[in-house]
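Student: Mind looking over this structure? Questions follow.
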Amino acid sequence: MLFLAGSTEWKTSPTAHRVALEARERGIRVHMRRVNSRRRLRLADAFGCATTDGTYLAFGPDINLPRSRAQRVGISAGR
């Protein structure tokens, strides 16, 4: 598994995108760290990330878990 982590500038850069695409072409799953917004979740999806993590769910999980699931479904559906 390839972990995309570090500064926001790095992990959202064109270089990180190319690294993620190369990993996927080699059959390596990609994980992005610190995904705490819809924008970042969309970016992780565009990079082909199989998994993400962040502290978003730690703060108000009763509210944020349904939101997170809805966002993921929306992104998968192309919204």
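Student: Taking the highest mean first, how do the peptides 61-69, 13-21, 46-54 order by number of other beta carbon atoms within 10 angstrom per residue? Spell out each step's value before the answer.
Tutor: Working: 61-69: 12.0, 13-21: 14.2, 46-54: 16.4.
Sorting 61-69, 13-21, 46-54 by mean packing, highest first, produces 46-54, 13-21, 61-69.
Student: Name the long-range amide H neighbours of Leu4: under 5 Å, sequence gap of 5 or more, or other chain; modelled H, no Pro or chain starts.
Tutor: Those qualifying (amide H under 5 Å, at least 5 residues apart or on another chain) are His31, Met32, Arg33.
Student: Right, here's the next one. Per residue of the chain, what 222 nm ellipticity follows from adding -39500 (n - 2.57) for every DSSP H run with n ≥ 4, rounded to the nearest 500?
Tutor: Value at 222 nm, helices only, nearest 500: -16000 deg cm²/dmol.
Student: Further question: Which one, Thr8, Cys49, Pro61, is farthest towards the positive end of the dipole of the chain when Lys and Arg carry +1 and Asp and Glu -1 on their Cβ?
Tutor: Pro61
Student: As an exercise, use a Förster radius of 30 Å and the Cβ-Cβ distance of Ala70 and Phe3 to find the FRET efficiency, rounded to the nearest 0.05.
Tutor: So the FRET efficiency works out to roughly 0.70.
Student: Which entry is the computed Cα Rg over 2.2 N^0.38 Å for this structure: (i) 2.67; (ii) 1.09; (iii) 1.02?
Tutor: Checking each listed value against the structure points to (ii).
Student: Measure off, as a whole percent, the carbon and sulfur share of the 1.4 Å-probe accessible area of the chain, all protein chains present.
Tutor: Using a 1.4 Å probe with all protein chains present, the chain comes out at 55 percent carbon and sulfur.
Student: Next question. Excluding Ala50 itself, what net charge comes from residues whose Cβ is under 11 Å from its Cβ, given Lys and Arg +1 and Asp and Glu -1? Walk me through the numbers before you get to the answer.
Tutor: Values: positive: Arg24, Arg29; negative: Asp45.
Residues close to Ala50 contribute a combined charge of +1.
The values are calculated or read from the model by the stated rules, or taken from the named source; none is laboratory data. Remember, it's a predicted structure, so these values are computed and weren't measured experimentally. Don't worry about glycine lacking a Cβ; one is built from the backbone with ideal geometry, like all the others, and counts go over all protein chains shown. Accessible surface is based on the protein model in full, side chains and every heavy atom, while ligands, DNA and RNA are left aside. Shrake-Rupley method; radii C 1.70, N 1.55, O 1.52, S 1.80 Å.
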